[in-house]
1. Consider residue 199 against the criteria (1) open to solvent by less than 40 Å² (accessible area, probe 1.4 Å); (2) not in a helix (DSSP H, G or I): it satisfies all of them except one. Which criterion is unmet?
2. Counting only residues that are assigned to a helix (DSSP H, G or I) and either more than 55 Å from the chain's Cα centre (by Cα) or farther than 29 Å from residue 134 by Cβ (or both), how many does the range 40-85 have?
3. Scan the range 555-604 for residues that are open to solvent by 40 Å² or more (accessible area, probe 1.4 Å), among the charged types (D, E, K, R) and modelled with pLDDT under 85 and jot them down.
4. Any residue at all in the range 537-547 that's aliphatic (A, V, I, L, M), within 22 Å of the chain's Cα centre (by Cα) and open to solvent by less than 60 Å² (accessible area, probe 1.4 Å)?
5. Please tell me if residue 709 is open to solvent by 10 Å² or more (accessible area, probe 1.4 Å), among the small types (Gly, Ala, Ser) and out of contact with any His (no Cβ under 9 Å at 6 or more places or on another chain).
6. Please find, among 688, 732, 725, the residue that is at pLDDT 85 or above, surrounded by fewer than 23 Cβ atoms within 10 Å (Cβ to Cβ), more than 38 Å from the chain's Cα centre (by Cα) and closer than 30 Å to residue 523 by Cα.
7. Taking only pairs six or more apart or across chains, which ones have beta-carbon atoms under 7 Å, a first residue in the range 730-759 that is closer than 30 Å to residue 545 by Cα and assigned to a strand (DSSP E or B), and a second residue that is open to solvent by less than 10 Å² (accessible area, probe 1.4 Å) and of a type in the set (Asp, Glu)?
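The values are calculated or read from the model by the stated rules, or taken from the named source; none is laboratory data. From a predicted model like this one, the values you see are computed outputs, not experimental measurements. So basically every Cβ, Gly included, is an ideal-geometry build from the backbone, and we count neighbours across all protein chains shown. Accessible surface is based on the protein model in full, side chains and every heavy atom, while ligands, DNA and RNA are left aside. Shrake-Rupley method; radii C 1.70, N 1.55, O 1.52, S 1.80 Å.
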Amino acid sequence: MATYLGEKLHTNAALPALLPGARGAALLWQGAAAATGLVLGAGRVYGGAAPFGLAFVMVCPPLYLFAAAGGALISSLAFQPAVLGVKLVAALTATVAARRLLAGRPGVGVWAGCLALAAAQAAALFFAGGFVNLAQAAATGTTALLAAGAAWLMQRFPYREPRGLCLWLAIAAACLQRCAHGPLAPGLAVAAAAGLCAAFSGTLEETAVVSIALAAAVTAASPALCYAALAVALGSLAAACLYPGERLRCAGVFAAGCMLGALAAPDAAGVLPLFVGGAVGLTAALAVPGAWLRVIFPPPAPPVQTQGLSGAARRLAGVADTLSDIADTVNAVCTRQMPPKGENFDFVVEHIARTTCQTCTRRSRCWVRGYATAMDGLYQLKPTLESRGRVEVEDLPGQLSVCIHPADLCTAANHGYRLWRSRRQTRARASMLRTALTEQYSAMAGALAQLAGKLGQAGLPDPRREEKVAQLFAGLGLDALECSVTADLAGRLTAAVTIARTRFTEEEIRALTAEVSRICRRDMDLPEVTHCRTVTMLSFGERPLFTATFGTAGRPAKGQTVSGDALDSFCDTSGRAQLLLCDGMGTGRAAAVDGQMAARLTGQLLRAGFAAESAARLVNVALGLKSAEQESGATLDLLTVDLYTGRAGLFKAGAAPSFLVRGGVPRMLEGASLPMGVMESLVGRSTTFALDSGDWVVLVSDGALTDGSEWLMQQLQLCARLGHTPAQAAQTVADAAARRAGEKQDDITVAIFALGKAG
């Protein structure tokens, strides 16, 4: 009991020490509410309306109701016209009474204040004997409407939010204009400071909202300063557009904008308010700490899809590094575990000495006094072992005639040779498999690194267009499971939509493309439609600036029914045209297998997004493994053209020379290299060049060049002058090559790519 009383006495003794601070804070907040009401009650906008003080009383917290009403009442009587001031006093009184008597009912203060103003206006009409003062009536009605609207905005946008802060700054700018004195325009200074702060740390959209809202507020409070408000707003927007986030440069652009705005001043004296207000606002904005601005304008978080693509790019890059490490580790382990490289016939000699001579009683005579003779005799066994695989006693040379165990020596030599040859074969096979494995790891690592780079450069999504595209498909009864519209670094749009599995006719696809083009305001190309189990994916891309036309022709070798050459041509969704030609080594079915395999694998990898060199390295591994037991391989001619820019890349691996026809004049494109599947690692050559509308790129197999390249270039020049299409030119060149080859005809293939201008 004594302890309890002691704690109570201690608590009560501490109360007087705490109460003065709490009482002081409460009085400070009450004073702030009264000051806010005083400032807002003095504000007035164009037309004589004074809505801000009444609006603040309508929505302020109940605890500060009387203080806010007192400040607004005093300023209404002191700064507003007498008639309007009396009406505002009546409206303020009704608002306070309604809020106190009907506490808890939302909007009661708004209704009470507006009705009180209407009643005060009706009373003024009654006492004026029916005489209507239109200016006073308009001011009263505008005050009621603006007060109700401002009260709703104050409730809807609290001052703690950026939008609420913008609203309060606009109201403050309008009210502070009543304090204008000489060339000093406080509201204009507030507008300049707020616009510059938004340019320092906000986005262009936020700067536009702040600048326009405050310019409108200053114009409403002081119509004569509309030119100055416009100059301040344009200066802030120009700063945000040109140098966002750079304080000094933004300040310079803002100052230049104010100087240009001064040209719109009605007279020379009108320039002073703009310069003074702009200078005060600029100084205030530069003095605001950057930490405060970051709290008001936090940096926007990247979109979810961008974060996902960045994460995927990082993971792919990590996988690529891991694959490279695995390749290095496999190389190191295999090098240590496999038989030593460069093992020679000494292995067989050492095996004979270890198994036969080590236990012989005459080893000292043979290996000490007669060492040179014994070694010479053992090495003379090598030709016999290599030719027949074994030696007999009668095959022993004269140097070994002193051996007392000739049969055992032959047995050891035969066994040692077989073991040595087996170790050599094991090393060669293991080396080949290891090289194929590590080359595949390295090629995959390079390809994944390239894909990671592409994902890391993916553009930001466009939520507005995504919503409209999703609404388009929803209106057709096809709810989008996934929908994305993104712009790459070059500004090109890509729209991807995933819906439930659906079949489209060609007319429906064209109609969908037209609607997506209208929504995105871009000229979109026909989509790539992919059906995957239960869903259908449509990928729309912008229509390229150029078009691709392919022309091909082929003739099998003399006496063969199939050609060893293989072709593939297509345009992918990234706006790239691909033309590839693979020539299997030899003729007939064996060459056709190699050529078709190389072309099919390369085409699949290119469609999956692999670059030319990475795809060729992987195909080289596959052909190398296939040709482990028999000699085979294939050449690769791969042309990649960006249809947006006309930039072309030509990759060659053992292929015949290609030709570029520009303006009807052909020239040779040659690159020395080796076919795929021949060497452990790929030896290719890449060439880049620019194409323009009307240019041709001609790929040929070596069978078309049996009689040299001069006649082929003349034939191409003739076809170009006659206006042949790529298909006609390919047929003409293939027929001419077959005639010139005669009985020596090899597989002949001619592929022509023509670049055209999109209509």
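1. Answer for residue 199: the failing condition is (2).
2. 22
3. Within the range 555-604, 558, 589, 600 meet the criteria.
4. So far as the range 537-547 goes, yes, one or more of its residues are aliphatic (A, V, I, L, M), within 22 Å of the chain's Cα centre (by Cα) and open to solvent by less than 60 Å² (accessible area, probe 1.4 Å).
5. So residue 709 passes the test.
6. Matching residue, one of 688, 732, 725: 725.
7. Hits for this filter: 755/695.
Yes/no matrix, rows are residues, columns are (1) open to solvent by 20 Å² or more (accessible area, probe 1.4 Å); (2) out of contact with any Gly (no Cβ under 8 Å at 6 or more places or on another chain); (3) modelled with pLDDT of 80 or more:
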{"site": "191", "(1), (2), (3)": "no, no, yes"}
{"site": "204", "(1), (2), (3)": "yes, yes, yes"}
{"site": "212", "(1), (2), (3)": "yes, yes, yes"}
{"site": "229", "(1), (2), (3)": "no, yes, yes"}
{"site": "246", "(1), (2), (3)": "yes, yes, yes"}
{"site": "266", "(1), (2), (3)": "yes, yes, no"}
